[in-house]
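Down below is the structure, laid out as structure tokens.
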Amino acid sequence: MSAPVISASHTVGADGSTVAFPVSDVGQRGTMIWIPGGDFLMGSNSFYREERPARPAVVDGFWMDKYPVTNAEFAGFVAATGYVTYSERAPSRDMYPDADPALLVPGSLVFKKPDRPVSLRDSLAWWEYRPGANWRHPEGPHSSLAGRDRHPVVHVSYEDALAYAAWAGKELPTEAEWEFRRARRTRRQGLSLGRCRQS
């Protein structure tokens with residue numbers, strides 16, 4: 001089986017506009033690994049309802065980055081394209097008609113450690129919307145990326161990840177590919193978080 005051809009040169013913004021940018025030379029496969037395809041049990045009957053039912057799935061072989069995208073790599077993308085991430089744009093009143101106007105400012109959710117035991121079902125006990133939080137300011141406007149060039153980029157949306165992947169000449173893994181990779185890694189580590197069989 002041959003490796004897939006991966007290429008893209010544009011992305012569609014939240015407003016529906018098409019943003020074209022040159023494909024970078026980042027798309028070299030030097031930091032990518034080939035994942036041979038196979039079949040596995042996708043989903044779970046034990047956790048989230050949307051993961052049900054567990055079902056047989058098959059994926060073809062695919063390339064995947066060995067490491068997450070770093071702040072330095074993402075900064076190169078932004079410098080080359082002028083891209084503005086979702087968390088750097090003000091949310092639209094049309095999209096969130098019942099939102100508190102004070103929260104309709106650029107920002108993102110930031111983890112906050114509770115000072116006491118809290119319910120795992122209450123996401124507001126663990127996360128707070130912080131104006132000014134984005135990939136350049138991970139904890140909010142008074143934080144920075146100083147000393148974090150090699151850390152994984154955070155506060156990027158699916159839309160942002162698609163734009164980066166297109167610029168890098170790559171594509172995001174499908175849900176099935178992601179679960180297959182996780183199931184293979186889990187099996188090798190002797191954990192019981194999924195099953196797969198290599199072709």
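The values are calculated or read from the model by the stated rules, or taken from the named source; none is laboratory data. If you're wondering where the values come from, they're calculated on a predicted model, not measured in any experiment. Here Cβ is always computed from backbone atoms with ideal geometry, including for glycine, and neighbour counts include all displayed protein chains.
In table form, for the structure just shown:
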{"read-out": "Boolean, residue 87 is of a type outside the set (D, E, K, R), in contact with a Lys or Arg (Cβ under 9 Å, 6 or more places away or on another chain), modelled with pLDDT of 95 or more and within 18 Å of residue 162 (Cβ to Cβ)", "value": "no"}
{"read-out": "Of all residues making up segment 144-173, the number that are basic (Lys, Arg) and under 15 Å from the mean Cα position of the chain (by Cα)", "value": "1"}
{"read-out": "Some residue of segment 60-69 being more than 30 Å from residue 184 (Cα to Cα) and surrounded by 15 or more Cβ atoms within 10 Å (Cβ to Cβ)", "value": "no"}
{"read-out": "Residue within segment 122-136 that is at pLDDT below 95, in a loop (DSSP other than H, G, I, E, B) and either surrounded by fewer than 11 Cβ atoms within 10 Å (Cβ to Cβ) or touching a helix residue (DSSP H, G or I) at 6+ places or on another chain (Cβ under 9 Å) (or both) present", "value": "yes"}
{"read-out": "Every residue from segment 12-58 that is surrounded by 10 or more Cβ atoms within 10 Å (Cβ to Cβ), in contact with a strand residue (DSSP E or B) (Cβ under 8 Å, 6 or more places away or on another chain), modelled with pLDDT under 50 and not aliphatic (A, V, I, L, M)", "value": "13, 21"}
{"read-out": "Sole exception among (1) in contact with a Cys (Cβ under 7 Å, 6 or more places away or on another chain); (2) modelled with pLDDT under 90; (3) among the hydrophobic types (A, V, I, L, M, F, W, C) for residue 5, by number", "value": "(1)"}
{"read-out": "Identity of the residue in segment 74-121, assigned to a loop (DSSP other than H, G, I, E, B), among the β-branched types (Val, Ile, Thr) and under 18 Å from the mean Cα position of the chain (by Cα), that ends up surrounded by the fewest Cβ atoms within 10 Å (Cβ to Cβ)", "value": "84"}
{"read-out": "Tabulated pairs, segment 56-68, first assigned by TED's automatic domain parsing to the domain that holds residue 173, second aromatic (Phe, Trp, Tyr) and surrounded by fewer than 17 Cβ atoms within 10 Å (Cβ to Cβ), C-beta under 9 angstrom, 6+ apart or interchain", "value": "61/34; 62/34; 63/34; 64/34; 64/178"}
{"read-out": "Selected residue (criterion: nearest to residue 177 (Cα to Cα)) from residues of segment 37-50 that are out of contact with any Asp or Glu (no Cβ under 9 Å at 6 or more places or on another chain) and not in a strand (DSSP E or B)", "value": "50"}
{"read-out": "Given (1) more than 30 Å from residue 167 (Cβ to Cβ); (2) touching a residue at least 24 places away in the same chain (Cβ under 8 Å), number of the condition residue 99 does not satisfy", "value": "(2)"}
